[in-house]
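Student: I have a structure I would like to understand better, so I am pasting it below and will then ask my questions one at a time.
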Amino acid sequence: MSQFLQQIVNGLSLGSIYALIALGYTMVYGIIRLINFAHGDIYMVGAFVGYFAFRAGLPLPLVFFLAMAVPALFGLTIEFFAYRPLRKRNAPRIAALITAIGMSLFLENLGILIFSPDPRPFPRVFTNEPIYFAGGVTISIPQILTLAFTSVLMISLTLFIRFTRTGKAMRAVSQDAEAAQLMGVNIDRIISVTFVIGSALAGAAGVMVGILIPRIEPLMGIMPGLKAFVAAVIGGIGVIPGAMLGGMLMGMAETLVTAFISSTWRDAIAFGLLIVILLIKPSGIFGSSSRTKV
Amino acid sequence: MALLKVEDISISFGGLRAVSGFNLELKPGELVGLIGPNGAGKTTVFNILTGFYQPQEGRVIFDGKDITGLGCHKINRLGIGRTFQNIRLFNELTVLDNVKIAYQYAGRYSWRHTIFRTGSYRRSEKEIADWALSRLEIFNLDGKAGEIAKNLPYGEQRRLEIARALAGRPKLLLLDEPAAGMNPQETMELLELIKWLRKEFSLTIFLIEHDMSLVMKLCERILVLDYGMTIAEGSPEEIRNNPRVIEAYLGEEVS
C-alpha cells in the first residue's frame, strides 16, 4: 500500500510537469487550431536557461523568472516570424503544422550546435534526500517544489483566464475568432499573449525537470513534448482543465506502469491509454463533440 | 456629411466577382436596407465594410476617415458594429460576458472614460457590469445575465447578438438578416426594437434582410444587389415597382 502511495506521489510530480507543457499545447490549439510541435523544445530552452542561471549563482526566484521569460520570448518570436505570416496569407493549416515541425527541428539542432549533444548534469540545487511522510511514503524537496509551484501556476492561469479581460478575450477568440475581431478584439495580440503564457509555463516545467531529474540535453524536449501533447489530447485539446488532468493521468500511468509492471512497457502502456480513452471518448475527457463552423 | 461613403468597391474570389463596383452613401441616422437573391454578395459587402475582407478596388470612408484595409478590430473600435447571419455568439461565455467583452474592447476609443474614471479597479469592474446589465435590460435579457449564451433560446440569442454589437457603442450598426428564423410576431417586435434603438442611440443602420415585409416597413432606402452589382436603389415604393428588381428577385410575390 505504501508502495502504491509512494508511486502516486511520484506520478503527481511527473504528471504536473506534463500538465504544464500540455497547457501550452492546448492553449495554442484552442486559439489558432495549431499543434505547435516546437513547444517541447521551448521546454528544453527553459531547462537550459535554468541551467545557466543556476550555475551563475542566481537566486531561485530569479532563475525561475529567467527560465520563464526567455522561453516566453522564444514563443513570441516564433509565432511572429513563423506562424503569423502564414496566417496572414490564409495558408492551409497543414502548412502551419509543417512549419511547426520545422521550427522544432530547428530549435533541437540549434541546441546541439550551441550546447553540444552531450547531456549535462543539472546543478544540484536541492538535496534529493527523501523526507519521511506519513505511512512510510517519502517525498523529496524537488518534488514538493514541483507540486507547489505547478499548483500556483495552474491556479493563477485559471484565475487569469476566468476573470481578467484578456482571459475572457482569449476564451472569446477560441470560441469564434472572427466574431471576436469584429467586436474589437485584436486577435494578433491575444495570440501573442497565448504563446507567451504557454511558453513561460513550458520554461518553468523545464527548470523543474532539471531539478527533479538532473540531466539535460538539447533533445530532451522530444519525448516529454510528445507525451504532453498526448496528455492534451486525452484531456480534450483546447480545454485547459483537460490539459491539467491529462498531464496528471499521463504521469501517473507512466509511474505506476514502471513501478508495478515494467519500465520497458512504460511508454507503450501510456500511449495505449491514449488509444483507449480516445476510443471511448474521441474528443477527449473534457472535449466537446466536434464543433461545426458556419 | 456622409457617415459612410463606399466608393466603387470590388472583390473577386478566384474567378467569381462577388462584389463589383459597389457604391453607397449613408447619412447619419439613416436606415438603409440591402436586399438581393442568395449569393448576390450582400454579406460580402458587410465583410468588406467591417474589414474582414480587403476590397481589391475602391475605398471605404467612415466618419471622414479612409478605413480601407484597416484591421477588423480597428474598424470596430472606430464605431462599426455588426451582427451575423448565423448567430455567432461566444457560446461558452455568459450572456453578461458576451456584452462585457464587446464593451471593453470596442469601447477603447473613449479614452476619456479611462482618464476620468475614479475609484479602484474593482469599482470600475462593477461599473462595467452595471452598464452591461443595463444594456441587457433593454433587450429583456437582464434576467439571464449569468446564463451560458448557447443555452438561450434562438430568439434571445438573436437579441443578445444585437446587444453585443451595441455594447461597442457603434455609430453604424450592420445587421445581417436580423429576422432570420423568426416568426411573424417576433419579426414585428424586432421591427419596433430596431426603430427604437435607432432613435435612442442615434444610430445609422444598414441591414440585410430577406423578409420583405420587414424591409419595406423599416427602411427609408433600399439597395438591390444581384450578381455583385447594384441593380436598383430607391425608396421601398420605387423598389417594389422596379421591373429589374421584380425580374431579378421579387418575382410574382410582391404585393
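Student: Among the listed residues B:29, B:64, which satisfies the condition of being modelled with pLDDT of 90 or more, under 14 Å from the mean Cα position of the chain (by Cα) and on the phi > 0 side of the Ramachandran plot? Walk me through how you get there before you give the answer.
Tutor: Details: B:64 fails: under 14 Å from the mean Cα position of the chain (by Cα).
Residue meeting the stated conditions: B:29.
Student: If I filter region B:225-248 for residues that are under 30 Å from residue B:98 (Cα atoms), assigned to a helix (DSSP H, G or I) and in contact (Cβ under 8 Å) with a residue 12 or more places away in the chain, do I get at least one hit? I'd like the intermediate steps shown before the answer.
Tutor: Step one: of region B:225-248, the residues under 30 Å from residue B:98 (Cα atoms) are none.
No, there is no match, as no residue in region B:225-248 is under 30 Å from residue B:98 (Cα atoms), assigned to a helix (DSSP H, G or I) and in contact (Cβ under 8 Å) with a residue 12 or more places away in the chain.
Student: Same structure again: Are any residues in region B:172-206 among the aliphatic types (A, V, I, L, M) and in contact (Cβ under 8 Å) with a residue 60 or more places away in the chain, and if so, which ones? Before the answer, list the steps.
Tutor: Start the filter on region B:172-206 by keeping residues that are among the aliphatic types (A, V, I, L, M), which leaves B:172-175, B:179-180, B:182, B:188, B:190-191, B:193-194, B:197, B:203, B:205.
Those that are among the aliphatic types (A, V, I, L, M) and in contact (Cβ under 8 Å) with a residue 60 or more places away in the chain: B:172, B:173, B:174, B:175, B:180, B:194, B:203, B:205.
Student: Right, next: So residue B:180 fits all but one of (1) farther than 16 Å from residue B:82 by Cβ; (2) at pLDDT below 90; what number is the exception?
Tutor: It fails just one condition, (1).
Student: Which of the residues spanning region A:133-148 are within 10 Å of residue A:10 (Cα to Cα) and small (Gly, Ala, Ser)?
Tutor: Of everything in region A:133-148, just one residue is within 10 Å of residue A:10 (Cα to Cα) and small (Gly, Ala, Ser), namely A:140.
Student: Follow-up. Could you check how many residues of region A:37-78 are polar (S, T, N, Q) and in contact with a Leu (Cβ under 9 Å, 6 or more places away or on another chain)?
Tutor: Residues meeting the conditions: 0.
Student: Take residues that are more than 14 Å from every other protein chain (Cβ to nearest Cβ), within 16 Å of the chain's Cα centre (by Cα) and surrounded by 14 or more Cβ atoms within 10 Å (Cβ to Cβ) and tell me which of the helices (runs of 4 or more DSSP H) falling wholly in region A:107-226 contain 1 or more.
Tutor: Working: elements: A:141-163, A:165-175, A:177-181, A:187-212.
Hits in region A:107-226: A:141-163, A:187-212.
Student: Another one. Listed residues B:231, B:205; which is over 27 Å from residue B:134 (Cα atoms) and among the aliphatic types (A, V, I, L, M)? Explain how you work it out, then say what you get.
Tutor: Working: B:205 fails: over 27 Å from residue B:134 (Cα atoms).
Criteria check complete, one pass: B:231.
Student: In region B:63-80, what count of residues is obtained for those that are within 8 Å of chain A (Cβ to nearest Cβ) and touching a residue at least 60 places away in the same chain (Cβ under 8 Å)?
Tutor: Total meeting the criteria: 2.
Student: Now, a different point. Looking at the structure I just gave you, is residue A:263 of a type outside the set (A, V, I, L, M, F, W, C) and surrounded by 22 or more Cβ atoms within 10 Å (Cβ to Cβ)? Let's see the steps before the verdict.
Tutor: Details: of a type outside the set (A, V, I, L, M, F, W, C): yes; surrounded by 22 or more Cβ atoms within 10 Å (Cβ to Cβ): no.
When the stated conditions are applied, residue A:263 does not pass them.
Student: Any residue at all in region B:84-96 that is more than 11 Å from chain A (Cβ to nearest Cβ) and at pLDDT 85 or above?
Tutor: To start, the set of residues in region B:84-96 that are more than 11 Å from chain A (Cβ to nearest Cβ) comprises B:95.
Retained after the next criterion (residues that are at pLDDT 85 or above): B:95.
Checked region B:84-96: at least one residue is more than 11 Å from chain A (Cβ to nearest Cβ) and at pLDDT 85 or above.
Student: Moving on. Taking the options A:124, A:87, A:93, A:120, name whichever one is of a type in the set (Lys, Arg), touching a strand residue (DSSP E or B) at 6+ places or on another chain (Cβ under 6 Å) and touching a residue at least 24 places away in the same chain (Cβ under 8 Å).
Tutor: Values: A:124 fails: touching a strand residue (DSSP E or B) at 6+ places or on another chain (Cβ under 6 Å); A:87 fails: touching a strand residue (DSSP E or B) at 6+ places or on another chain (Cβ under 6 Å); A:93 fails: touching a strand residue (DSSP E or B) at 6+ places or on another chain (Cβ under 6 Å).
Selected residue: A:120, the only one of A:124, A:87, A:93, A:120 that is of a type in the set (Lys, Arg), touching a strand residue (DSSP E or B) at 6+ places or on another chain (Cβ under 6 Å) and touching a residue at least 24 places away in the same chain (Cβ under 8 Å).
Student: From the list A:261, A:234, A:277, exactly one residue is within 17 Å of the chain's Cα centre (by Cα) and more than 28 Å from residue A:50 (Cα to Cα). Which is it?
Tutor: A:234
Student: Would you mind telling me which numbered condition in (1) in contact (Cβ under 8 Å) with a residue 60 or more places away in the chain; (2) of a type in the set (A, V, I, L, M, F, W, C); (3) part of a helix (DSSP H, G or I); (4) farther than 22 Å from residue A:68 by Cα residue A:237 fails?
Tutor: So the condition that residue A:237 fails would be (3).
Student: Taking the condition in the same structural domain as residue B:194 (by TED's automatic domain parsing), under 18 Å from the mean Cα position of the chain (by Cα) and not aromatic (Phe, Trp, Tyr), does residue B:16 pass?
Tutor: Values: in the same structural domain as residue B:194 (by TED's automatic domain parsing): yes; under 18 Å from the mean Cα position of the chain (by Cα): no; not aromatic (Phe, Trp, Tyr): yes.
Judged against the criteria, residue B:16 is not a match.
The values are calculated or read from the model by the stated rules, or taken from the named source; none is laboratory data. Everything numeric in this text was worked out from a predicted model, so none of it was measured. Every residue, glycine as well, gets a Cβ built from its backbone with ideal geometry; the counts of neighbours run over all protein chains shown.
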